[in-house]
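The values are calculated or read from the model by the stated rules, or taken from the named source; none is laboratory data. On a predicted model such as this, the values are computed, not experimentally measured, just so you know. Methodologically, a virtual Cβ is constructed for each residue, glycine included, from the backbone with ideal geometry; neighbour enumeration extends over all protein chains shown. Just the protein is used for accessible areas: all its heavy atoms, side chains included, with ligands, DNA and RNA removed. Shrake-Rupley method; radii C 1.70, N 1.55, O 1.52, S 1.80 Å.
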Amino acid sequence: VQLQASGGGLVLAGGSLIVSCVGSGRTLSRYAVGWFRQAPGNEREFVAGISWTGRTTDYADSVKGRFTISRDNAKNTVYLQMNSLKPEDTAVYYCASGPIYSTSQRTSDFYDYWGQGTLVTVSS
């Protein structure tokens with residue numbers, strides 16, 4: 001099983017970016033998926049999660065109303081649309097896949113497979 005995160009880059013504050021998580025060896029539509037981020041010197045933190053059905057989503061308070069997590073099951077991909085980006089959103093963003101037929105959780109040890117991360121840099 002591999003998760004490939006991509007789409008990171010440099011963006012101005014107030015701008016938008018979408019990061020993607022493509023699964024191989026696992027049908028992501030059957031699994032909860034979470035996005036986490038880690039800024040330099042900080043611990044990894046939960047950003048957003050989506051249940052295996054796609055009907056339940058969860059967001060950290062810091063990104064609620066600005067970020068949207070979604071699925072494209074035909075592409076075996078989970079997206080994180082990030083709008084109104086702030087310099088404090090700068091981090092490496094990781095996607096992770098959790099247990100089969102589950103909702104997402106905010107703790108990292110719930111997830112068993114992780115992508116390699118993609119760097120998002122927001123400049124002021």
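Screening Pro99 on (1) assigned to a strand (DSSP E or B); (2) modelled with pLDDT of 95 or more shows it passes everything except condition (2). Hey, any hits in segment 53-66 for a residue that's of a type outside the set (Val, Ile, Thr) and in contact with a Leu (Cβ under 7 Å, 6 or more places away or on another chain)? Checked against the condition, which is being of a type outside the set (Val, Ile, Thr) and in contact with a Leu (Cβ under 7 Å, 6 or more places away or on another chain), segment 53-66 yields no hits at all. Filtered by the rule that a residue be modelled with pLDDT of 95 or more and outside any strand (DSSP E or B), segment 56-73 gives Thr56, Ala60, Asp61, Ser62, Val63, Lys64, Gly65, Arg66. Picking from residues in segment 65-79 that are hydrophobic (A, V, I, L, M, F, W, C) and touching a strand residue (DSSP E or B) at 6+ places or on another chain (Cβ under 8 Å), the one that is surrounded by the fewest Cβ atoms within 10 Å (Cβ to Cβ) is Phe67. Which one is nearest to Gly49 (Cα to Cα), of the residues in segment 80-98 that are open to solvent by 50 Å² or more (accessible area, probe 1.4 Å) and touching a residue at least 60 places away in the same chain (Cβ under 8 Å)? Looking at the filtered set, the residue picked out is Gln81.
For segment 1-37, name all the residues that are among the aliphatic types (A, V, I, L, M), under 19 Å from Gly98 (Cα atoms) and open to solvent by less than 30 Å² (accessible area, probe 1.4 Å). Within segment 1-37, Leu3, Ala5, Val19, Leu28, Ala32, Val33 qualify. Scanning segment 106-116 for residues that are in a loop (DSSP other than H, G, I, E, B), open to solvent by 70 Å² or more (accessible area, probe 1.4 Å) and either touching a Ser or Thr at 6+ places or on another chain (Cβ under 8 Å) or among the polar types (S, T, N, Q) (or both) returns Thr107, Asp112, Gln116. When Thr103 is tested against (1) in contact with a Ser or Thr (Cβ under 6 Å, 6 or more places away or on another chain); (2) of a type outside the set (Gly, Ala, Ser); (3) open to solvent by less than 30 Å² (accessible area, probe 1.4 Å), exactly one condition is not met: (3).
Tyr59 meets all of the listed conditions (1) in contact (Cβ under 8 Å) with a residue 40 or more places away in the chain; (2) of a type in the set (Phe, Trp, Tyr); (3) closer than 19 Å to Ile18 by Cβ but one, namely (1).
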